[in-house]
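The values are calculated or read from the model by the stated rules, or taken from the named source; none is laboratory data. Being a predicted model, the structure only gives us computed values, none of them experimental. All Cβ positions, even for glycine, are placed from backbone atoms using ideal geometry, and neighbour counts span all protein chains on display. Ligands, DNA and RNA are stripped out before the accessible areas are found, and what is left, the full protein with its side chains, is counted by its heavy atoms. Shrake-Rupley method; radii C 1.70, N 1.55, O 1.52, S 1.80 Å.
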Amino acid sequence: DFIEHYFSIASIPTRYSFIDAFRKRWASKLSPDNRYYVISRAVKWLVEIIQNLYDFARRQHENDCPTLFRTISDKVISVVESKEFSKIRTHKGKRFSACEIEKFDHIFRYLRRTDVRDLLNIIYQLDVYQTVVAVKAKHGFCFAEIDERAGISVKGLYHPFLSEPVANDYSLCGGNVGFITGANMAGKSTFMKAFGVAVYLAHLG
C-alpha cells in the first residue's frame, strides 16, 4: 500500500541531478517534508523487494519449476539484469545516500516505471497463488477437473462457512434440472448455496 501511494505522487522525477538530491535532502531536514519521507522510504523498500524477487526468480531457474513460474522468472530476470537496475541489484546495507535515493527514484518512477509496475504485478500474482494454496490446505479444497462432458459431479460438497458441515455427494449429468426435497430445516438452502459456491470457485480454477 505504501509503494502504491509512492507511485501516486504527482511530481515525476524526469531527470537525475546530484545537486537536486542534496537540495531535497537538506530541505527535508530544515523543514520536514512528508513527500520526501514517502519517496525515501519507498525507494528503500522497493530495492529490498526487487532484490528478494530477483533471488526468487534465480532459484526457480535452478530448480525444475512449472512453466508458469519459469515465465515469471524470465520476466523478472530480464528486468533486473538490465543496465539501469545494476546498482539496485547489488546495493548492500540499509543506508541510502541522498544521491542513491534520487537516482533510484528517477529509475523507479520515470525511466523504468512500466517495468517496476510489471514487477509489482508479479508480486501480486504470486500473493494470489500463495493464498489459494493456503486456503486449499486449511479447508481441504480440491481443484476442479474440467472436461467436455455436460454436467457436474461433486464429492464431499459442503458450505465453506460452516464450522461443522455435513458433506454430500451430488451428480447432475445427462440433464440440467434437479429436484431437491426434504423437511424444513433439513439443509436444502444451505446445500444450494454450497453448490453455487462450488460452481463459482470451480470456474475460478
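Overview of results
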{"quantity": "Where residue 194 falls short, out of the listed (1) in contact with a strand residue (DSSP E or B) (Cβ under 8 Å, 6 or more places away or on another chain); (2) modelled with pLDDT under 90; (3) not aromatic (Phe, Trp, Tyr)", "calculated": "(2)"}
{"quantity": "Of all residues in the range 100-119 being free of Cβ contacts under 8 Å to residues at least 60 places away in the same chain and of a type in the set (Val, Ile, Thr), the one that is farthest from residue 15 (Cα to Cα)", "calculated": "114"}
{"quantity": "Among (1) open to solvent by less than 70 Å² (accessible area, probe 1.4 Å); (2) in a strand (DSSP E or B); (3) of a type outside the set (S, T, N, Q) - the single one residue 169 does not satisfy", "calculated": "(1)"}
{"quantity": "Selection count, the range 57-99, where residues are in contact (Cβ under 8 Å) with a residue 40 or more places away in the chain and outside any loop (DSSP other than H, G, I, E, B)", "calculated": "7"}
{"quantity": "Residue match in the range 101-117 (condition: farther than 30 Å from residue 20 by Cβ and not charged (D, E, K, R))", "calculated": "no"}
{"quantity": "Pair list, Cβ under 6 Å, 6 or more apart: the range 131-147 residue among the small types (Gly, Ala, Ser), other residue surrounded by 12 or more Cβ atoms within 10 Å (Cβ to Cβ)", "calculated": "144/202"}
{"quantity": "Residue match in the range 182-199 (condition: within 32 Å of the chain's Cα centre (by Cα), exposed (fewer than 12 other Cβ atoms within 10 Å of the Cβ) and closer than 24 Å to residue 128 by Cβ)", "calculated": "yes"}
{"quantity": "Tabulated pairs, the range 1-21, first assigned to a helix (DSSP H, G or I), second acidic (Asp, Glu), C-beta under 9 angstrom, 6+ apart or interchain", "calculated": "6/105; 18/102; 20/102; 21/100; 21/102"}
{"quantity": "Test for residue 117: is it closer than 30 Å to residue 44 by Cα and loosely packed, with under 13 Cβ neighbours inside 10 Å", "calculated": "yes"}
{"quantity": "Selection count, the range 127-172, where residues are acidic (Asp, Glu) and in contact with a Leu (Cβ under 9 Å, 6 or more places away or on another chain)", "calculated": "1"}
{"quantity": "Only listed residue being of a type outside the set (Lys, Arg), within 25 Å of residue 121 (Cβ to Cβ) and open to solvent by less than 80 Å² (accessible area, probe 1.4 Å), chosen from 17, 97, 86, 28", "calculated": "86"}
